[in-house]
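This report concerns only the one structure given below.
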Amino acid sequence: MHPNPAFRKEETARNIRFARERAFGTLAVNGEDGPLTSHIPFLLDETGAEAELHLVRSNPIARLGAPAKAVISVMGPDSYISPDWYGVPDQVPTWNYVSVRLRGVLHPMPHGNLHQMLDRLSAHFETLLLPKTPWTSEKMSDGVMEKMMRAILPFRFEVTGIEGTWKLNQNKPDDVRHAAADHVAAYGQGMELAMLAGLMHGADPKET
């Protein structure tokens, strides 16, 4: 996470909302031979106190078996920023981005919790596809869901800390930041450039 306080002033509630809406990140845990990582969908509760997730049985993280300290890193929009875009002299290149990090403890859960967890997770994403009729596990043929669930394991992520970096050129004058934002929208190199440009202009994530 970027150490500059200018980029870390967002309220915890905004970081929680961002992570809840993204609901996808990189889980990292220390293993015997070094860091272990896995890209995962997850369901964070409204308070930011815990998240639900699942891992395939063959995943090295799943095989740890016991509670383990872990981090979930959630990335948002990003782009390279050219010094020329500011319209003022003596600037240097940088990268703007949004990232929220959840620190906590990963707990294995009883396998009996898995089906309801998967239903909650799929419901979260299916409601984002409205007006499509949401998919539910009830559409599966008898026995198929149960057979497929044998390959995965449920986990609870107990959140002990939330850190957010919203690096949007807040350390620049408004006109300089807005000029860079316009260039991000037109020429940016990264992901979700329109969202990043909107955030640099001061928009709420829901408005971009």
query: How far is the Cα center of the stretch 42-56 from the Cα center of the stretch 138-158, in Å?
result: 16
message: Going Cα to Cα from Lys69, which aspartates and glutamates come in below 18 Å? Please leave out same-chain ones fewer than 8 positions away.
response: Glu32, Asp33, Glu50, Glu52, Glu158, Glu163
- line: the chain, Gaussian network, Cα under 10 Å: of Lys167, Lys69, Lys132, the residue fluctuating most is Lys132
- prompt: What lysines sit close enough to Lys139 to cross-link, taking a C-alpha to C-alpha distance under 17 Å and skipping anything fewer than 8 places away on the same chain?
  reply: Lys147
- prompt: Which peptide among 158-164, 15-21 comes first, and what is the full order, when sorted by highest mean count of other Cβ atoms within 10 Å?
  reply: 15-21, 158-164
- prompt: Ignoring any ligand, DNA or RNA, what whole percent of the accessible area of the chain comes from carbon and sulfur when the probe is 1.4 angstrom?
  reply: 54
statement: Calculated from DSSP helices alone, with each H run of at least 4 adding -39500 (n - 2.57) and the total divided by the residues of the chain, [θ]222 nm to the nearest 500 comes to -7500 deg cm²/dmol
field: Label of the coordinate-derived value, Rg and Dmax of the Cα atoms in Å, listed as [x] 16.4, 51; [y] 19.8, 67; [z] 15.7, 44
entry: [y]
Rg in Å to one decimal, and Dmax rounded to a whole Å, for the stretch 65-113 via C-alpha atoms: 19.7, 62
message: Looking at the chain as a GNM with Cα springs under 10 Å, which of Gly87, Gly143, Gly112 has the largest mean-square fluctuation?
response: Gly143
query: Leaving out same-chain residues fewer than 8 places away, which lysines sit with a Cα under 19 Å from that of Lys9?
result: Lys167, Lys172, Lys206
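The values are calculated or read from the model by the stated rules, or taken from the named source; none is laboratory data. The structure displayed is predicted, hence computed values, not measured ones. We place every Cβ from the backbone using ideal geometry, glycine too, and count neighbours over all the protein chains shown. Accessible surface is based on the protein model in full, side chains and every heavy atom, while ligands, DNA and RNA are left aside. Shrake-Rupley method; radii C 1.70, N 1.55, O 1.52, S 1.80 Å.
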